[in-house]
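Here is the structure we will look at.
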Amino acid sequence: MNKYEIVFIIKADLEESVIKDTVKSFENVLTDMDAKIVNSKEMGQKKLAYPIKDSIRGYYYLLNVEATPKAIKEFDRKALIDEKILRHLIVKEEE
């Protein structure tokens with residue numbers, strides 16, 4: 001398994017319960033495919049550098065995971081589909 005760092009931004013105009021459910025569902029995408037979440041950190045609400053999908057603020061989350069490339073591809077696919085996710089970035093950490 002490889003180590004990855006995932007940062008994603010959720011729309012800020014959603015209710016807190018919806019935001020928490022979204023984070024939980026994306027963590028479940030990884031854990032359902034046998035990935036291990038090493039660290040999950042809420043970085044809080046921040047102003048975006050430029051508007052994305054008519055949003056000027058977003059909730060930032062950071063996940064450090066040990067996962068297979070297949071699990072990462074599934075996370076990426078679902079993040080691109082979900083309209084609550086403004087942006088996401090997946091970086092493979094050096095060994």
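None of the figures in this text is laboratory data; all of them are computed from the coordinates on show. Quick caveat: nothing in here was measured; it's all calculated off a predicted structure. Neighbour counts are summed over all protein chains in view; Cβ atoms, including those assigned to glycine, are modelled from backbone coordinates with ideal geometry.
Out of the stretch 69-95, which residues are β-branched (Val, Ile, Thr) and in a strand (DSSP E or B)?
Matches in the stretch 69-95: Ile85, Ile90, Val91.
State the number of residues belonging to the stretch 1-30 that are in contact (Cβ under 8 Å) with a residue 12 or more places away in the chain, under 20 Å from Ala67 (Cα atoms) and of a type in the set (D, E, K, R).
The number of residues fulfilling the criteria is 3.
Mind checking which residues of the stretch 54-78 are out of contact with any Leu (no Cβ under 8 Å at 6 or more places or on another chain), surrounded by fewer than 22 Cβ atoms within 10 Å (Cβ to Cβ) and of a type in the set (Ser, Thr, Tyr)?
Tyr60, Thr68
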